[in-house]
Every structure is written in C-alpha cells, then in structure tokens.
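Remarks on the structure that follows.
The values are calculated or read from the model by the stated rules, or taken from the named source; none is laboratory data. Nothing here was measured: the structure is a model prediction, and the numbers come from that model. Quick reminder, even Gly has a Cβ in these numbers, built from the backbone with ideal geometry, and neighbours come from all protein chains shown. Calculation scope for accessible area: heavy atoms of the full protein, side chains included, ligands and nucleic acids excluded. Shrake-Rupley method; radii C 1.70, N 1.55, O 1.52, S 1.80 Å.
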Amino acid sequence: MNKDEINILLNDLFPLNRSITGNGLRESFKVLFEYVPFDLKEIPSNLNIGDWTVPHEWNVEEAYIKNSKNEKILDYEDSNLHVINYSTKLQGKFNLKELNNYLYSNPQVPKAIPYITSYYDKISGFCMDHETYKSLREDNYEILINSEHFLGSMTIGECVLEGETKEEVLISSYLCHPSMGNNELSGPIVLAYLYDALKKQKNKYTYRFVIFPETIGAITYLSYSYEKLKDIINYGLVLTCLGGPTQNISYKESRLGNSGFDKFIKKTGNIDIREFTPINGSNERHFCFPTVDFPIGQFARTIYQQYPEYHTSLDNKKFVNTDNLLKSSAEIYKTIKNYEKISNKKEKNSPEARRVKSKNKELFSMATSEFGEPFLSKYDLYPKQNFDGAKGKSDRNETNDILKILSMSDGVTNLNFIENKLKIEKNYFHLLLEKLESNGLIKIN
C-alpha cells in the first residue's frame, strides 16, 4: 500500500458510524475487504461468554434537536458523534432545563464533540461541543433519536497468511468507534498495510490478522480460538493510535515482558518501551489476562488519553497524519521481518518468572474470568459511562486498582509482592481483595 491508497482507505472508512455491532461495523469490513480478504463471523446477540453477553445490535436512522423556529441546532447527519453510542430511542418536546438532562459536553475541550458510549445501560442523549452547549437559551426544543436495539449479531473478521512454520504471529486491531481517525482507524489501516506487504513474500511465521470490536469482540474471539492458538503463538501485536503527530513509535510489553519479541524490541534501541498495564489500552489487556496469558504487546504512536483530541471530534482526518500512518506501517513491518531473522523458537512465556518468595506464609490469588477481564459492571465495580466531562464524571481509582490486582492474580505471584508493587495501603488492599473474592473474581490460597 502506498500513501494514496492509505488516503483512500481513510476517506472511505471515516464517515461510517461504527459501534460494537451494527451496519457501520459491517460496512467498514466491506471497505477493508478490498485490501484484506477477511472471513467474517457473525456472533449472535445474547450469547454468553462468562460474565459477558454479546449485546443487541444497534443502529441509528436519524437524530436531531430543533428550536422553536424549526431550526436544527444539532444534527446526527453532521457528525455521528452527536448521539451517545448505543443511545436508546428518544422523542419529545422539552424546555431547556428538561433538555439539559440529555446533553453532554466537555468544557476541557470546548470546541470538540465528545465521544460517549453506554453499551450496557439504557441511556439516551446527545453530545455537543461545549461552546454550543453554553450558547443554548430558554426555548421549547423538539428532539428525536430514532435508534433501534434488536436481536442481531456482532461481526468479527479473520484472515491467515500461511508461513514456512505453523508458529503464528497474531496481528490484531479493532473497529468499534465512529468517526475518529487516530484512535479508531489507524490500527486497521496499518494492519491492511502489513497484510499487503507480507502477502508478497515468503514468511517464516504464519500471520493471523484479526479485527473485532474492543473488549467484547476480543473476549468472544478468545472464547472460540484460545484452544487453537495457545500452543502456536510465538507473539502477537495489537495496533492502535498509529497515525498522530508524535515523533517516535512505542511498544507496550506483554504482561510478563519476557517473550522473545519483548526482548528483541528492548535491544533495538530505537523504539520507546512502555511497561504493561491493564489500565486503559486496548485488547492486549484481554490477550494478556492471567487466564489467557498470550505473549502479546502493543504498538502505538500518539497514545490514547495522552492528547487532548482523544475521544472527540477533533481526532479527525486533519489530525491523522498520513505520512505518520505510512511511517508507522513501515517501521512495524521492518521490525517484524528483522525479528524473523534472529528468532529461533517460541520462548516459554511463564508467570513463574513473577514468583517472589516471602518469609511469611505465602498467599496467592488467581483470577477466575476465563477469556479476559471480567464484566466489572455486573458487580458494580465499573463506571457506567466512559466520560470524564461535565456530566458523568466518575472516580475510576478503585476500578483501576482492581484491574491491576486482577492482572497480577496469576496464581504464582504472592499477595505481598502485589501489595508492594502496586503501593496500595494495606487495609484498602485487603478490602479490594475481599470484594474480588466475595464476587468470585479471584480465588485466594
């Protein structure tokens, strides 16, 4: 793929209203199919995977806010970010005070429309830039969100390039966000570049390319692929946030940081290294969850939550630098091929490397969720919305600490080490352990 082809792909994908299900997701796969011949799998709504359930399919036909002069002051046709992702139907006439119950803006980025989701709670609402929000005056407003939730399916795409050996490299990205460039589309575009480059030559490894919605897609994919993949993966990569203006590309290690590819990256000296964390990030959190524990890292350039345009309408085609998309693609491709030259065999990626002896009686915790992080919302341990703006602001500190504990609950890392590593106050740490154990999310022995 050259720069012109990357531009075409970006332009074709950008306007589609994606979510974790729905027409926008399928249309995106149709666009990508011109570059990567994915086999598509439709996962039915209401399928249960542990705590998780594939949600009803969601689509939006029309949405707007009109003032008393019949003027549209907000229109879904102008930006698909204007509607909360997975918003329920809404229709009626409201005064300004009533309307405010359904409006979301972010004063920290006043010119941007924020991106808000609510997949598992029934919420209706609109998103607008804060300047528009502040300009609203007392009036009678007509509002409409014509959306539908129904028993449908979630789409997952997979494509395999056979190599000289059966050992595999799992290259993945996600499609589930609406019109955002760096955070949403850079990963699939770089994945398409890598497929195009690798298909033209002989490769040592078999390369498996997968795209699915974040979290629920990864967990679902693991539920039917784990047994097939667990003994043949040499390493894997999650591709995200690769099109922004940051100078250097960076690599987030796998959970243990000791795979052959982790070690190779550290020796290159020209790629910034990030230690693994389950806080934020993408599907590497689930691939690296202790009960899965695949040796999978992540490549990024302009990293999620580290730029003000993140999860807003300002993460647009102007923000995504096509030269950087091409640069990221070429750098990752070169790294992949260089690793092929020096790698000999799959290295054991064992959590035993984390075992730390204690003078006291050792206690260990083991996570119980089978195919990635548990559905913390079920236990009231996760914020209801992904929003940190004027409304819906939530304290994620406890959730973050819980995720850190879970990511180290591999059955061989003792609790003293976890407590000291995370620098958590003792009483608070044991309170979190009690919450996790009482909800069946860990076993302590």
_Dimensionless Rg ratio for the range 170-238, taking C-alpha atoms and the 2.2 N^0.38 Å reference_ = 1.19
*asked:* In the chain, if the dipole is taken from +1 on Lys/Arg beta carbons and -1 on Asp/Glu beta carbons about the Cα centre, which of Thr268, Gln201, Asn46 is farthest to the positive end?
replied: Thr268
*Mind listing which GluC sites (Glu not before Pro) in the range 52-144 are in a DSSP loop and have 13 or fewer other Cβ atoms within 10 Å?*
Glu71, Glu77, Glu138
*Normalised by the residues of the chain, what does the relative contact order come to in percent, with Cα pairs under 8 Å and at least six apart?*
17
*Take the Cβ-Cβ distance between Asp196 and Glu71 as r, set R0 to 41 Å, and report the resulting FRET efficiency rounded to the nearest 0.05.*
0.30
*About the Cα centre of the range 139-295, what is the dipole size in debye to 20, counting +1 per Lys and Arg Cβ and -1 per Asp and Glu Cβ, all else neutral?*
800
_How charged is the neighbourhood of His430? Take every other residue with its Cβ under 13 Å from the Cβ of His430, and add Lys/Arg as +1 and Asp/Glu as -1._
-3
_More than 18 angstrom separation, counting every C-alpha pair in the range 150-279; what % is that?_
61
*DSSP loop (so not H, G, I, E, B), at most 14 other Cβ within 10 Å: list which trypsin sites (Lys or Arg not before Pro) in the range 129-226 pass both filters.*
Arg137, Lys166, Lys199, Lys200, Lys202
*What does the charge dipole of the range 138-224 about its Cα centre add up to, to the nearest 20 debye, if the Cβ of each Lys and Arg holds +1 and the Cβ of each Asp and Glu holds -1?*
820
*So what's the convex hull volume per residue for the Cα atoms of the range 1-125, in Å³?*
169
*Between Thr277 and Ser225, what is the spin-label point distance in nm, taking each point 7 Å from the Cα along the Cα→C-beta axis?*
2.7
_Please enumerate, by chain and number, the aspartates and glutamates with C-alpha under 16 Å from the C-alpha of Lys337, excluding those fewer than 8 residues away in the same chain._
Glu162, Glu164, Glu167, Glu168, Asp196, Asp262
*asked:* Just to confirm the number: angle between the C-alpha axis of helix 322-342 and the first principal axis of the chain, 0 to 90 degrees, nearest 10?
replied: 20
*Rounded to a whole number of µm²/s, how large is the Stokes-Einstein D of the range 74-192 at 20 °C and 1.002 mPa s, given Rh as the Kirkwood radius over C-alpha pairs?*
125
*If you average 1/r over all unlike Cα pairs in the range 228-347 and invert the result, what Kirkwood radius do you get in angstrom?*
15.1
*R0 = 22 Å: FRET efficiency of Tyr304 with Lys263, Cβ-based, nearest 0.05?*
0.30
*Tally Lys and Arg at +1 and Asp and Glu at -1 over the other residues with C-beta under 15 Å from the C-beta of Arg18: what net charge comes out?*
-4
*Selected from Gln247, Pro178, Ile189, residue furthest toward positive end of dipole (the range 158-270; charges at beta carbon)*: Gln247
_Sorted from largest to smallest, which semi-axis lengths in Å does the alpha carbon gyration tensor of the range 100-147 give for its equivalent ellipsoid, taking the root of 5 times each eigenvalue?_
19, 16, 8
*In nm, give the distance between the simple-model label positions of Ser438 and Asn101, each being 7 Å from the Cα along the Cα-to-Cβ direction.*
3.3
*Summed residue charge, Cβ within 9 Å of Leu96's Cβ, Lys/Arg positive, Asp/Glu negative*: -1
*When DSSP beta bridges are limited to those with both residues in the chain, what percentage is antiparallel, rounded to the nearest 5?*
65
_q = 0.06, 0.07, 0.08 Å⁻¹: log10 I(q)/I(0) that the Debye formula gives for the chain, counting C-alpha atoms only_ = -0.26, -0.36, -0.47
*From a point 7 Å beyond the Cα of Glu138 in the direction of its Cβ, which residues of the range 78-121 have a backbone N at a distance under 11 Å?*
96-97
*Can you give the charge dipole size of the range 57-187 about its Cα centre, rounded to the nearest 20 debye, using +1 on the beta carbon of Lys and Arg and -1 on the beta carbon of Asp and Glu?*
820
*For the chain, what % of the accessible area comes from carbon and sulfur atoms, probe 1.4 Å?*
47
_Need one number: convex hull volume per residue for the range 67-132, Cα atoms only, in Å³._
100
_Residue pairs, from the table Lys89/Lys317; Lys230/Lys327; Lys200/Lys334; Lys166/Lys230; Lys41/Lys228; Lys421/Lys443, whose Cα atoms sit over 22 Å apart_ = Lys89/Lys317; Lys230/Lys327
*Qualifying GluC sites (Glu not before Pro) for the range 1-53 [loop in DSSP, other Cβ within 10 Å: at most 13]*: Glu34
*asked:* I'd like the FRET efficiency for Glu164 and Lys89, computed as 1/(1 + (r/R0)^6) with the beta carbon distance as r and R0 of 51 Å, rounded to 0.05.
replied: 0.40
